[in-house]
Structure formats: structure tokens, C-alpha cells
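The values are calculated or read from the model by the stated rules, or taken from the named source; none is laboratory data. On a predicted model such as this, the values are computed, not experimentally measured, just so you know. Backbone-built Cβ (ideal geometry, glycine too); neighbour counts: all protein chains shown.
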Amino acid sequence: MDTGNLTALELEAARSYWIQAVQGECFAAEFQALRENMPLPDGSKLARFNPLLDEGFIRLGGRLHFAKLSREQRHPLLLDGRHNFTKLLILQTHIRLHRLGVRIILAELREECWNLRSRQTIKQVLHSCLPCRIAKGLPGG
């Protein structure tokens with residue numbers, strides 16, 4: 001067993017694993033219906049997104065199918081904003097972008113994935129960010 005720093009391939013494999021795990025947990029019925037080429041269950045929160053199954057991932061369908069964009073841009077991954085993994089992904093993006101605001105984080109995340117209730121979740125994560133709360137609460141001078 002190799003110990004030490006993780007490689008970029010290992011980090012990407014771990015990220016893919018967790019995205020599939022989150023999708024399997026949050027969208028179990030939709031995942032099974034897509035796998036069996038059946039219609040989505042009644043009341044599915046994904047039905048309006050016209051989802052498709054691509055290499056084990058649930059992706060956003062839609063009008064951009066023939067656009068000259070990368071596959072990830074045409075069909076971003078679908079994630080549930082209420083899941084802790086999604087909140088950690090938002091926090092990681094917030095920190096990586098030097099603690100910028102909701103619109104910038106939303107634009108950055110949408111390049112790769114589509115989160116259900118994304119604005120609401122981003123606001124919640126940013127509100128709980130301790131360094132941002134401290135910076136906003138300090139008196140000037």
C-alpha cells in the first residue's frame with residue numbers, strides 16, 4: 001500500500017466515486033428508472049430536467065445536446081443541494097475563489113454540475129463561513 005501525497009488521478013477518481021454515491025443516495029428511484037429505460041417516477045424532482053444516464057452519472061438533459069460545447073458543459077452532473085457533499089463542494093469552491101459571493105460561486109459550480117436549490121444552499125454555506133462572518137463583523141478602523 002502506497003502512502004504519501006495523492007495524485008491528480010486519485011483525487012479525480014475519489015471525486016467521481018463520491019458524486020456517484022451522492023447521486024445514488026439522493027436519486028435512487030430516478031437512477032434505477034434511467035438504468036432500465038423506464039419513465040421517471042411520479043413526483044420526481046428531476047423530471048423537469050430531462051435527465052440522462054451517462055457512464056454511471058445522472059446528467060442534465062436539454063436543448064444544448066448539439067451545441068459546440070464540451071460534454072460537461074452541455075450535460076452537467078445533477079446533485080442535490082441538501083446533501084453534505086454538495087455543501088462541502090460549495091465551501092471548497094468558495095475558499096478556492098478567495099471567498100467570493102453567491103453569483104460567482106454559482107457560475108463556477110455550474111460549469112461542472114447543476115445543484116438543485118443551488119442559490120439557497122450557497123447562501124446557507126456562505127452564511128455559516130466563519131472567516132466571512134468575522135470579516136463582516138469587524139468594525140472599520
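A few points about this structure:
Per-residue answers, yes or no, for (1) touching a strand residue (DSSP E or B) at 6+ places or on another chain (Cβ under 9 Å); (2) of a type in the set (S, T, N, Q):
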residue	(1), (2)
LEU88	no, no
GLN92	no, yes
LEU97	no, no
ILE104	no, no
GLU111	no, no
ARG117	yes, no
LEU126	no, no
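- Looking only at residues of region 41-56 that are outside any loop (DSSP other than H, G, I, E, B) and either of a type outside the set (A, V, I, L, M, F, W, C) or over 15 Å from the mean Cα position of the chain (by Cα) (or both), we find that the one that is surrounded by the fewest Cβ atoms within 10 Å (Cβ to Cβ) is ARG48.
- Subset of region 81-105 [assigned to a loop (DSSP other than H, G, I, E, B) and either under 22 Å from PHE27 (Cβ atoms) or in contact (Cβ under 8 Å) with a residue 12 or more places away in the chain (or both)]: GLY81, ARG82, HIS83, ARG99, GLY101
- Just so you know, in region 81-120 the residues that are among the acidic types (Asp, Glu) and surrounded by 12 or more Cβ atoms within 10 Å (Cβ to Cβ) include one that is nearest to the chain's Cα centre (by Cα), and it is GLU112.
- For first residues located in region 57-73 and loosely packed, with under 10 Cβ neighbours inside 10 Å, partners that are at pLDDT 80 or above and lie 6+ apart or on another chain with Cβ distances below 9 Å form the pairs PHE66/ARG74.
- Members of region 45-77 found to be of a type in the set (Phe, Trp, Tyr) and within 13 Å of GLN23 (Cα to Cα), listed by number: PHE57
- Unmet criterion (only one of (1) outside any loop (DSSP other than H, G, I, E, B); (2) surrounded by fewer than 18 Cβ atoms within 10 Å (Cβ to Cβ)) for LEU78: (2)
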